[in-house]
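Worksheet: the structure to be examined is printed underneath.
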Amino acid sequence: MRKFTETLESLKAQGRYRILALPDGADLTSNDYLGMAAHPALRCAAIEALEGGIDLGAAGSRLLRGHTQAHESLEAYAADYFGAERALYFSSGFQANLALFTSLADRHDAVIYDSLIHASVREGLQAGRARAVKFAHNDLNDLEDKIKLVRDQAQNLFIAVESVYSMDGDVAPLPEIMALARRYDAVVIVDEAHASGIYGERGRGFCWDIVQAQGYENLITLHTCGKAIGVAGGLVCAEVEVIDYMINCARPFIYSTAPMPLQALLVQKSLEVLDTEDGQARRGRLFEICARAKALLGGPGTQVVPVILGTDERAVAVAKSLQAEGFDVRAIRPPSVPEGTARLRVSLSSELAVSELERFAALLTPHLAEERAA
Ligand SMILES: Cc1ncc(COP(=O)(O)O)c(C=O)c1O
């Protein structure tokens, strides 16, 4: 079709044409921050479950025959792990965000969202019917201004943030956001995609302290399971009524085949491992790598280090030269990041050797000096 070829040609002309590339070289790209995707305990659990005859497909939606013991067990375990009354498991984090933002807020409501929020939240907002208002990234004054702007007209008010931002690695001021939410009677939805398994007591996420202090009142969290947790899926944690409401009203939940039971079983196994000394050791190694990366490359000190190079061409060229040296690092370009901020998104892992990180930094530094001189 002409439309497709024209779009592809235009993407090529802009240097924004993307291709699928297999993993190659030392991993500085994946979200497997704790090396859980290849964990031996997860492999053993998978083999045991397969040999025990677990069904491969769920064969139906959760409300029909697709609800299995593995889903039920994971949701009970996850609710306990994240300190929530209940949890609901989705096939992916994207689907969970779509479900959250198309079902919870309706046309009488408003959602105020951080300007750097993930595409899955934006898709949910676009498909949903609530008024959606953006606030400047991590800017509490602008958040309060936007709350004042919409509060009187909105029956229910939601604030959507990430705890660790996926492309910038910086952290949201959650206690202050929660305080604003309390003052203006809003519910905060925190996407913990890049925090679950890593931060908070034994990897319970950045919301853990808030949950300890006040439970899930005015709070909903999303824990994606394909990043530090190493498997796939998304767990929404909340008070009972919220989860019940989603089971009854969230179309991406209702009208979709349940995730594979094996997937649910492996997520639970991963959470169990993350709660052990092994999990602690993995977090410890990751934090050491993060500290070394901050010293070498700057950045926010989390496992996501943005190296902003400006133009798309520059980001692609620097990525290519580092790939040639054996590093799997990828250029991230608009629309994944704002215009003019094409970058390398350096993603750290507990499994990365410090010597590899140091070699990477030594190769990258001259490019940064070039960038400053330009
Ligand atoms: C902040 C954030 N939320 C949600 C998602 C979607 O999660 P999933 O990959 O499980 O669909 C991602 C994935 O990149 C993400 O970074």
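In segment 337-359, which residues are among the hydroxyl-bearing types (Ser, Thr, Tyr) and either modelled with pLDDT of 95 or more or loosely packed, with under 15 Cβ neighbours inside 10 Å (or both)? Quick ask: steps written out before the conclusion?
Of all residues in segment 337-359, those among the hydroxyl-bearing types (Ser, Thr, Tyr) come to 341, 347, 349-350, 355.
Within segment 337-359, SER347, SER349, SER350, SER355 meet the criteria.
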Turns out the helices (runs of 4 or more DSSP H) fully within segment 190-277 with at least 3 residues that are within 16 Å of the ligand (Cβ to nearest atom) and in the same structural domain as LEU174 (by TED's automatic domain parsing) are 261-274
- Message: I'd like to know if segment 360-371 contains one or more residues that are surrounded by 22 or more Cβ atoms within 10 Å (Cβ to Cβ) and either of a type in the set (Gly, Ala, Ser) or under 18 Å from TYR33 (Cα atoms) (or both).
- Response: yes
Scanning segment 61-95 for residues that are in contact (Cβ under 8 Å) with a residue 60 or more places away in the chain, surrounded by fewer than 19 Cβ atoms within 10 Å (Cβ to Cβ) and either over 25 Å from SER120 (Cα atoms) or in contact with a helix residue (DSSP H, G or I) (Cβ under 7 Å, 6 or more places away or on another chain) (or both) gives SER61, LEU63, GLN69, SER73, GLU85
All conditions in (1) part of a loop (DSSP other than H, G, I, E, B); (2) away from the ligand (no atom under 13 Å from the Cβ) are true of ALA87 except (1)
Cβ pairs under 9 Å, 6+ apart or interchain, first in segment 211-227 and closer than 14 Å to ALA181 by Cβ, second near the ligand (Cβ under 10 Å from one of its atoms) and not in a strand (DSSP E or B), ordered by first then second residue, are THR221/SER163; THR221/GLU192
| message | Would you confirm whether or not segment 341-359 contains a residue that is more than 23 Å from the chain's Cα centre (by Cα) and closer than 23 Å to TYR165 by Cβ? | response | yes
Here the qualifying pairs (Cβ atoms under 8 Å; residues six or more apart or on different chains; first in segment 150-174 and in the same structural domain as PHE94 (by TED's automatic domain parsing) and without any contact (Cβ under 8 Å) to a residue 40 or more places away in the chain; second surrounded by fewer than 17 Cβ atoms within 10 Å (Cβ to Cβ) and not in a loop (DSSP other than H, G, I, E, B)) come out as PRO173/LEU140
Given (1) assigned to a helix (DSSP H, G or I); (2) buried (at least 16 other Cβ atoms within 10 Å of the Cβ), GLY299 misses just (1)
Flagged pairs (Cβ under 7 angstrom, 6 or more apart or on separate chains; first in segment 96-111, closer than 19 Å to LYS148 by Cα; second of a type in the set (S, T, N, Q)) are ALA105/ASN156; HIS108/GLN155; ASP109/GLN155; ASP109/ASN156
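The values are calculated or read from the model by the stated rules, or taken from the named source; none is laboratory data. Being a predicted model, the structure only gives us computed values, none of them experimental. No Cβ is skipped: glycine too gets one built from the backbone with ideal geometry, and neighbour counts run over all protein chains shown.
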